[in-house]
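The values are calculated or read from the model by the stated rules, or taken from the named source; none is laboratory data. Computed from a predicted model, the values in this text were never measured in an experiment. Positions of Cβ are generated from backbone atoms using ideal geometry, with glycine treated the same way; all protein chains shown enter the neighbour counts.
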């Protein structure tokens, strides 16, 4: 019997990267998991791996209807909803304000904030009626960029700061019925993609040679994998393990916060 035996969880962006690692770990711990992801191929692969424990929904987190459909499908298949994990996100690849093309900045802003912030709000709105029934919880993926500079450019950094505010506000509004917390990973070897509006939809974090830099700079000396972060999500999803926690963001940055972040973007533009 696992920590999350008989629990039902919905994860956005759960078909790749950190999201997929969360889904795999939660299933191993006994949970049934719904996955909302925009990749039909990856959803098909994920469902094929464990059809009895995973329900996949192809959709866009920027659509309230798709979020509602994901909640409805998960509850219809597994009977309830105990946790909503807002995890879908994109990264701006350190594109600075000076380098943002003027004719693309509005579209890039809308895309980054639409996925990283609006997607969380819409998912929370769709999930909250079911979570109130179960005295459940919400968990949002933040980033070291939710607290420090140089974890991305101004669009990504601002979006992740916004997520920290969202967590605190929802924790206040939804107490005592629903707990709301976050996980702030540090640098992570994953396939997190960039904005299509900036021509970065096929670029990923894994394509940037950050391994040696991070390993030498981060106090813990490790370039973390998605699997390294999953135990913190388990902690926050379990009412027995973290029943006194709400409005908290667990920093898992390997010690960046006590040392500062290098200028990974390669220097300022001025």
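Reported count of residues in the range 121-163, each being surrounded by fewer than 20 Cβ atoms within 10 Å (Cβ to Cβ) and assigned to a loop (DSSP other than H, G, I, E, B), is 5.
Scanning the range 104-125 for residues that are more than 16 Å from residue 88 (Cα to Cα) and without any contact (Cβ under 8 Å) to a residue 12 or more places away in the chain turns up at least one hit. When residues in the range 87-120 are screened for being closer than 16 Å to residue 167 by Cα and either outside any helix (DSSP H, G or I) or at pLDDT below 95 (or both), 3 of them pass. Among the residues of the range 1-15, write down those that are modelled with pLDDT under 95 and touching a helix residue (DSSP H, G or I) at 6+ places or on another chain (Cβ under 8 Å). Result: 2, 3, 4.
Each row is one residue, and each column tells you yes or no for (1) within 19 Å of residue 134 (Cα to Cα); (2) surrounded by fewer than 24 Cβ atoms within 10 Å (Cβ to Cβ).
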| position | (1), (2) |
| --- | --- |
| 11 | yes, no |
| 22 | no, no |
| 52 | no, yes |
| 56 | no, no |
| 63 | no, yes |
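Residues in the range 30-50 that are buried (at least 18 other Cβ atoms within 10 Å of the Cβ), within 23 Å of residue 133 (Cβ to Cβ) and over 17 Å from the mean Cα position of the chain (by Cα): 31, 32. Against the condition in a loop (DSSP other than H, G, I, E, B) and either touching a strand residue (DSSP E or B) at 6+ places or on another chain (Cβ under 7 Å) or within 28 Å of residue 201 (Cβ to Cβ) (or both), how does residue 62 come out, does it pass? Taking the combined requirement at face value, the residue satisfies it.
As a summary of the residue check, residue 20 satisfies the conditions (1) touching a helix residue (DSSP H, G or I) at 6+ places or on another chain (Cβ under 9 Å); (2) not in a helix (DSSP H, G or I) except for the one numbered (2).
Among the residues of the range 69-86, the ones that are part of a helix (DSSP H, G or I) and more than 18 Å from the chain's Cα centre (by Cα) come to 8 in all. In summary, helices (runs of 4 or more DSSP H) completely within the range 164-270 and bearing 3 or more residues that are modelled with pLDDT of 95 or more occur at 226-237.
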